[in-house]
1. Under a plain spin-label model, where a point goes 7 Å from the Cα along Cα-to-Cβ, how far apart in nm are Gln274 and Lys13?
2. Taking the Cα centre of the range 220-324 as the origin, how large is its charge dipole in debye, to the nearest 20, when only Lys and Arg (+1) and Asp and Glu (-1) carry charge on their Cβ atoms?
3. What order do you get for 59-72, 38-51, 155-168 when each peptide is scored by the mean count of other beta carbon atoms within 10 Å, highest first?
4. Treat every Asp and Glu Cβ in the range 250-378 as -1 and every Lys and Arg Cβ as +1, leave all other atoms uncharged, and give the resulting dipole magnitude about the Cα centre to the nearest 20 debye.
5. Using R₀ = 51 Å, calculate the FRET efficiency as 1/(1 + (r/R₀)^6) where r is the Cβ-Cβ separation of Leu116 and Thr379; round to 0.05.
6. As an exercise, use a Förster radius of 41 Å and the Cβ-Cβ distance of Met329 and Gln27 to find the FRET efficiency, rounded to the nearest 0.05.
7. Given the options Ala155, Met242, Ala174, identify the residue whose Cα lies farthest towards the positive end of the charge dipole of the chain (+1 on Cβ of Lys, Arg; -1 on Cβ of Asp, Glu).
8. Using each residue's phi in the range 364-376, evaluate 6.51 cos²θ - 1.76 cosθ + 1.60 at θ = phi - 60° and report the 3J(HN,Hα) Karplus result to the nearest Hz, with x for Gly and Pro.
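The values are calculated or read from the model by the stated rules, or taken from the named source; none is laboratory data. As the structure is a computational prediction, the values presented were derived from the model and not from experiment. Don't worry about glycine lacking a Cβ; one is built from the backbone with ideal geometry, like all the others, and counts go over all protein chains shown. To get the accessible areas, we keep the full protein, side chains included, count just its heavy atoms, and leave off ligands, DNA and RNA. Shrake-Rupley method; radii C 1.70, N 1.55, O 1.52, S 1.80 Å.
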Amino acid sequence: MKIPFNRPYITGKEILYMEKALHSGKQSGNYHFNSKVKELMKLKYGLEGVFLTPSCTAALEMGALLCGIQPGDEVIMPSYTFSSTANSVLIFGGVPIFCEVNPKDMNIDVSKIESLITPNTKMIIPIDYAGVPCDIDFIMKIADKHNLIVMQDCAQSYGSLYNNEICGKKPHLACYSFHETKNYSCGEGGALVVNEVSWRERASFIMEKGTDRNKVIKGVQNRYSWIEKGSSYLLSDILAAMLLAQLEAEEVIKSKRQILIQLYRNLFLPYQRQGVLSISQYGDNKIPNAHAFWVIFHNNLMRNTFIDEMEKVGISAYIGYVPLHSSKMGAVLGYSPSNLFLTDDLASRLVRIPVFAGMLENEIEYVLEETHKILKSITK
Ligand SMILES: *Cc1c(COP(=O)(O)O)cnc(C)c1O
């Protein structure tokens, strides 16, 4: 049997909504289905100031532009993240400052943030790895004390709850991803949440190539013109239609993933007790959206053997991130792997196994059985 790392889930309603969008006469951004998605987010989670974007990468860039990241501005973020987190500030001349992670959840180690703050620090970008919320309350306290902006990279955490609120509700800015590899997909898509009410109008200009076209769409003006620095950060209404179908099925998708992850946890927990590996640990105030499942083995050899053995039985297991500070671009920024020793070590031992909502019963059985056999053989 072949088990891919991911298989996008299709609810069946996508095609209906997309066809409607196609024939509506409006295919660009900020029309009917964009509004429907935003309404749903507001009703379900109380999210306001949402801007649907072509990707989370675009949302992060739009956020960096919105808070005016300038050459030399320092932005603290975990090294254990995707390139987009760092690129979003780098393209405006900002300087990513990499912070170590907490081995319990692989999110930014909040106890190490303050020591990285300098007079040039402008922003903090935490992420929610595997959909497990970072400690945003603690991060906001640090940010308030030092007058910093927080943009939470919630690419993986749409629908995750922190103190009963969706991730992305607390920081000044938050970014979601609706990429094929995430829980809810429109192929490529994302959103920027602007929680700072006074920033929302400018955000609407920035996303529309620096114009006030939004006012024309709303009918408050009949002409629009160039008034801001901006770019094109809109999500086509055809893709917003696909996204609406996915978000309407959020609870179904989430529970399928949560069931699978619970099965994985039950499988791996005895090995954690033996001390040969560890899995994520987090408090009761966090309810993840079950985006991903990772394991950190005792050593790199064990991790690599696990991946090879999984490959032999047709199951795709994946190493996770190469830490940004250890990457080629990390070296260009002046980092070397030993600068963040802990992150580098954890990354060399981490592995992710397939989590997707459409995994069939017999596929789940197969993965559990084969994984169990491999675990037994490599840990004896
Ligand atoms: C997936 C991901 C992104 C990028 O999302 P896109 O929608 O593909 O641009 C950014 N940050 C993190 C942490 C991610 O996991």
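1. 4.5
2. Dipole size: approximately 200 debye.
3. Working: 59-72: 21.3, 38-51: 17.0, 155-168: 22.9.
With the highest mean Cβ count within 10 Å placed first, the list reads 155-168, 59-72, 38-51.
4. For the range 250-378, the charge dipole is close to 280 debye.
5. Once rounded, the FRET efficiency stands at 0.85.
6. 0.70
7. Going by the Cα projections, it comes out as Met242.
8. The phi angles translate into 4, 4, 4, 4, 4, 5, 5, 5, 4, 4, 5, 4, 4 Hz.
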